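Written below as structure tokens is the structure these notes are about.
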Amino acid sequence: MSAEDLSQLLQRADPDRRLAALFAPAGARARLFALYALNHEIARIADATSESLIGEMKLTWWHDAISDLYAATPKVRRHDVTEALAPLTGLLPQTELLDLIDARFEDVAAAPHADLDALLDYVDRTSGRLIRLGLILTGGELPEPQIRDAGRAWGLTGLMRAFAWRARIGRAPVAGDYLTELGGSPAMLAQGLGSDKAKAAIQPVRAIAEDAARGFAAAGPLAVEAVPAVGYVVLARAYLKRLPDNPFEVPAERSLLARQARLGWLSLTGR
């Protein structure tokens, strides 16, 4: 699959990361596209499979496929994404890619987030790790606290925007212990019930996302090398403002033109 083919895939599957990646030189852009395509493949498994065992088998396939790329005698399995990732093994640490995959086993197992720490750990291992890997591919550098804020701002915002789907697979972005205190349960949310309890349970999560977005912005302007790998995070604050009061409702989209303009300004100013 060519970089153009990956771009078309991400235009549908991960448009904001793709928009930011367009500000990278051609080589780095293609590398980011390959990384984001892998993320798309593993992230969609929980939604595409109704049986946890099948989901686990698919994730295990990806885990083994990535391991094969790093073997003493590398093996590239026949898949567009593995073929695109094969040239990146000298750049991306194997352990980081494998943990990116392993974090998704919790999704297919429909395991509720036990508490706020568990939810944040999941976001750090997925959204945060993806930012860290993207920075490696572009040669960008950020302080660790800013990477953490970026991952949490974007990751938590994305989970809240997808609340109805996340609830349906038993992974609503709320602290399980707090939801229990409120008299709710993951099973209730999976049926689309308890919107009042969901609204209350999501407030601490939203507060953390908003704090993280502010912290990311306050850390200072982004270097030009970092913009393609993390620039999309500047869109989080606008998405947070558009979250509906009822978490089960679909949030309003921000226009493509507005997102393009915001990222264009970022590329010029670093802010």
> What is the one condition in (1) loosely packed, with under 14 Cβ neighbours inside 10 Å; (2) over 30 Å from Gly139 (Cβ atoms); (3) not aromatic (Phe, Trp, Tyr) that Gly220 does not satisfy?
Replying inline: (2)
>> Residues that are among the aliphatic types (A, V, I, L, M), assigned to a helix (DSSP H, G or I) and farther than 23 Å from Asp47 by Cβ: does the range 176-187 have at least one?
In response: no
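Can you list the helices (runs of 4 or more DSSP H) lying wholly within the range 32-114 that have 3 or more residues being farther than 30 Å from Ile202 by Cα and either hydroxyl-bearing (Ser, Thr, Tyr) or free of Cβ contacts under 8 Å to residues at least 40 places away in the same chain (or both)? I'd like the intermediate steps shown before the answer.
Details: elements: 45-48, 52-69, 80-85, 94-102, 105-108.
Fully inside the range 32-114 and qualifying: 52-69.
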>> I'm trying to understand the selection: among the residues of the range 188-233, which are within 29 Å of Phe33 (Cα to Cα) and in a loop (DSSP other than H, G, I, E, B)?
In response: Ala219, Gly220, Pro221, Leu222, Ala223, Val224, Glu225, Ala226
> Mind checking which pairs have a first residue in the range 200-220 that is in contact (Cβ under 8 Å) with a residue 12 or more places away in the chain and a second that is surrounded by 15 or more Cβ atoms within 10 Å (Cβ to Cβ) and of a type in the set (Val, Ile, Thr), Cβ under 6 Å, 6 or more apart or different chains?
Replying inline: Ala201/Val174; Ile202/Val174; Ala209/Thr157; Phe216/Val233
> Which one is nearest to the chain's Cα centre (by Cα), of the residues in the range 110-125 that are closer than 29 Å to Phe33 by Cα and buried (at least 23 other Cβ atoms within 10 Å of the Cβ)?
Replying inline: Val123
> Which of the residues belonging to the range 1-28 are part of a loop (DSSP other than H, G, I, E, B) and touching a Ser or Thr at 6+ places or on another chain (Cβ under 9 Å)?
Replying inline: Leu22, Phe23, Ala24, Pro25
> Which residues, taken from the range 244-271, are in contact with a Gly (Cβ under 8 Å, 6 or more places away or on another chain) and among the aromatic types (Phe, Trp, Tyr)?
Replying inline: Phe248
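The rows are residues; the columns are (1) under 15 Å from Ile136 (Cβ atoms); (2) surrounded by 15 or more Cβ atoms within 10 Å (Cβ to Cβ); (3) among the acidic types (Asp, Glu).
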residue: Pro74; (1), (2), (3): no, no, no
residue: Thr82; (1), (2), (3): no, yes, no
residue: Leu91; (1), (2), (3): yes, no, no
residue: Gln94; (1), (2), (3): yes, no, no
residue: Ala103; (1), (2), (3): no, yes, no
residue: Val108; (1), (2), (3): no, yes, no
> Which of the residues spanning the range 20-40 are buried (at least 21 other Cβ atoms within 10 Å of the Cβ) and within 15 Å of the chain's Cα centre (by Cα)?
Replying inline: Ala20, Ala21, Leu32, Phe33, Ala34, Leu35, Tyr36, Ala37, Leu38, Asn39
>> Please verify whether Ala238 is of a type in the set (A, V, I, L, M) and surrounded by 18 or more Cβ atoms within 10 Å (Cβ to Cβ), treating the condition exactly as stated.
In response: no
> Quick one: how many residues across the range 233-271 are of a type in the set (Lys, Arg) and within 23 Å of Leu142 (Cα to Cα)?
Replying inline: 4
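Out of curiosity, is Pro228 buried (at least 17 other Cβ atoms within 10 Å of the Cβ) and either over 18 Å from Leu116 (Cα atoms) or not small (Gly, Ala, Ser) (or both)? Let's see the steps before the verdict.
On the way: buried (at least 17 other Cβ atoms within 10 Å of the Cβ): yes; either over 18 Å from Leu116 (Cα atoms) or not small (Gly, Ala, Ser) (or both): yes.
Taking the combined requirement at face value, the residue satisfies it.
Over 24 Å from Phe33 (Cβ atoms) and either in contact with a helix residue (DSSP H, G or I) (Cβ under 6 Å, 6 or more places away or on another chain) or modelled with pLDDT of 95 or more (or both): is that true of Leu243 in this structure? Break it down stepwise before answering.
Values: over 24 Å from Phe33 (Cβ atoms): yes; either in contact with a helix residue (DSSP H, G or I) (Cβ under 6 Å, 6 or more places away or on another chain) or modelled with pLDDT of 95 or more (or both): yes.
Yes; evaluated as a whole, the condition is true for this residue.
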> What number of residues in the range 148-172 are of a type in the set (A, V, I, L, M, F, W, C) and without any contact (Cβ under 8 Å) to a residue 24 or more places away in the chain?
Replying inline: 1
> So Arg148 clears everything in (1) modelled with pLDDT of 95 or more; (2) surrounded by fewer than 20 Cβ atoms within 10 Å (Cβ to Cβ); (3) of a type in the set (D, E, K, R) except one condition, right? Which one?
Replying inline: (2)
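The values are calculated or read from the model by the stated rules, or taken from the named source; none is laboratory data. Bear in mind that the values here come from a model prediction, so they are computed numbers and not experimental data. Positions of Cβ are backbone-derived with ideal geometry, glycine not excepted, and every protein chain shown enters the neighbour counts.
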